[in-house]
Amino acid sequence: MTESGKKRFSLKDLSLFRLGAFIWLIGTLLGYYFYRTGGKEFYKEGYSLPLMLPMGIDFNAVYSYGIALRESISAYLNASSIYPPFVTVALLPLTLFPPAAAYHIYVVFLTIALFCMIYACLAENESLSAVDLVFQALVITLFLSFSYPVNFALERGNSDLLAGAFAALSLFAMTRGWFFFSIITLTAGTQFKIYPVILCALLFKRFGYRSIIWFLAANAAAFLILGVPAFLQFAASLSALAGVPSLWEGNHSLYAYVARLEKEGFIPAGNLGPARNFSYLIFFGMFCFAWLKSWLTDKERSLTMGGGPRYFSGSEIGLIGMGFCLMSLIPSVSYDYKLAIQVVPFLILLARSESQLFDSAVRARVVAALAAALMALTLLPRNLVARVKTPWLILLFLLYFYLALSGKAVCPDKSAGKNGG
């Protein structure tokens, strides 16, 4: 104790959430300092965004598909939409506004989605009061709104924030035992961006095979909302786009990263295809192995129906983290605006207490600290430390893999008590 009776600051006295937040904030502040002042002559006030005119170019594409649909279904089919038909229908009301006004409204929706995504994750910490929960979610939303990937998403008018929000809400519903709400929100996320489908592994683990049947049925209905021809046209357009992705530095997919390694001589010439396939096999294999181990050691597992409301265990949080990393790594087109969704498993991790993650508090704090440092590197602008974000995602994936394998397999029911704040 000091003479004034106040205890000195010590990282050991911080809760898991405060420790992770402290390292995340300090890492971000230092990163932006070096990024802003690291130029030879000019101060870097931007985010290394590859600006395109007009702003909201991704949203404008969806908007144009909606305009075509209002004209006729044949006009919509001729437009060759690369988005699921459900997205065009869901955003159709925005076509009642002029394009610029519609984009501004959509940015508001994306900001609300970012808040909802953060709120759903922080709500896993039930020691927070309703006021503290809303306040912390607002603060983190403000903090992230100045980050590179969120600015990128807003500038493009991209819907990854909506997909991330629906995925987070689905996870929120899983811990509460809300069967249909979890399926509906995961279906919505899968429609806006296909990649949240990987979370059906958690859906099955929580609710059994009935949830997968309902999930597949809901997605089939959504995909066919404008008929079979519209779905087939979307599938063909998506396949064509995925087959020729851009390899620029803002694409952090494994597809692009392996191509860079081959170009720089780390992979022998002529082995690009096998190297890509091998990387997909390794990452998917690790996820499947971790899922199987987590499912077999879960005492409340069931093929038909899961137990009641209960927290995500350390092992399950590791699976969630691996799943979100794969959402960025596996699709051949994964531009950096998608990085914002990586806060979901990170905040869920920090919402738990050490004893709910590991038997050892030290291991829990080390994992949280490493995740916080990697999150700072992931969300900072490009060209700082590394030109691409793929290495940080791979390291995050490996960290979550460790958590999935060695973390606690079962967490107490939500009725068993509150976790540490």
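The values are calculated or read from the model by the stated rules, or taken from the named source; none is laboratory data. Note that the coordinates shown come from a computational prediction; the quantities given were computed from them, not determined experimentally. Because the Cβ atoms are built from the backbone with ideal geometry, glycine has one as well, and the counts that use them run over all protein chains shown.
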Report summary line: Looking across segment 240-275 at residues that are more than 20 Å from Ala386 (Cβ to Cβ), outside any loop (DSSP other than H, G, I, E, B) and not small (Gly, Ala, Ser), the single one that is nearest to the chain's Cα centre (by Cα) is Leu241
**Report entry** Residue in segment 219-233 that is surrounded by fewer than 23 Cβ atoms within 10 Å (Cβ to Cβ), at pLDDT below 95 and more than 30 Å from Ser74 (Cβ to Cβ) present
**Finding:** no
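Each row is one residue, and each column tells you yes or no for (1) of a type in the set (Val, Ile, Thr); (2) under 30 Å from Pro309 (Cα atoms); (3) surrounded by 23 or more Cβ atoms within 10 Å (Cβ to Cβ).
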residue: Phe180; (1), (2), (3): no, yes, no
residue: Gly189; (1), (2), (3): no, yes, yes
residue: Cys200; (1), (2), (3): no, yes, no
residue: Ala269; (1), (2), (3): no, no, no
Requested in this report: Within segment 88-96, identify whether any single residue is at pLDDT 95 or above, within 16 Å of the chain's Cα centre (by Cα) and not small (Gly, Ala, Ser), and answer yes or no.
Outcome: no
Query raised in the report: Of these, Phe346, Phe324, Phe278, which one is within 27 Å of Tyr83 (Cα to Cα) and part of a helix (DSSP H, G or I)?
Result: Phe324
Query - Single residue of segment 244-258 satisfying the filter (free of Cβ contacts under 8 Å to residues at least 60 places away in the same chain and over 21 Å from Leu49 (Cβ atoms)) that is surrounded by the most Cβ atoms within 10 Å (Cβ to Cβ) - result: Val258
Query raised in the report: For Tyr209, which of the numbered conditions (1) modelled with pLDDT of 95 or more; (2) of a type in the set (Phe, Trp, Tyr); (3) more than 30 Å from Ala102 (Cα to Cα) fails to hold?
Result: (1)
Query - Gly407 being on the phi < 0 side of the Ramachandran plot and either crowded, with 20+ Cβ neighbours inside 10 Å or at pLDDT 90 or above (or both) - result: yes
Requested in this report: Please list, ordered by first then second residue, the pairs with beta carbon atoms under 8 Å, 6 or more apart or interchain, first in segment 1-27 and more than 26 Å from Asn125 (Cα to Cα), second at pLDDT below 70 and surrounded by 18 or more Cβ atoms within 10 Å (Cβ to Cβ).
Outcome: none
Report summary line: From the option list Tyr63, Tyr106, Tyr43, single residue qualifying as more than 21 Å from the chain's Cα centre (by Cα) and at pLDDT 90 or above is Tyr63
**Report entry** Condition broken by Ile26, with the remaining ones in (1) under 23 Å from the mean Cα position of the chain (by Cα); (2) over 27 Å from Gly189 (Cα atoms); (3) assigned to a loop (DSSP other than H, G, I, E, B) satisfied
**Finding:** (3)
Query raised in the report: Within segment 58-77, is even one residue outside any helix (DSSP H, G or I) and in contact (Cβ under 8 Å) with a residue 40 or more places away in the chain?
Result: no
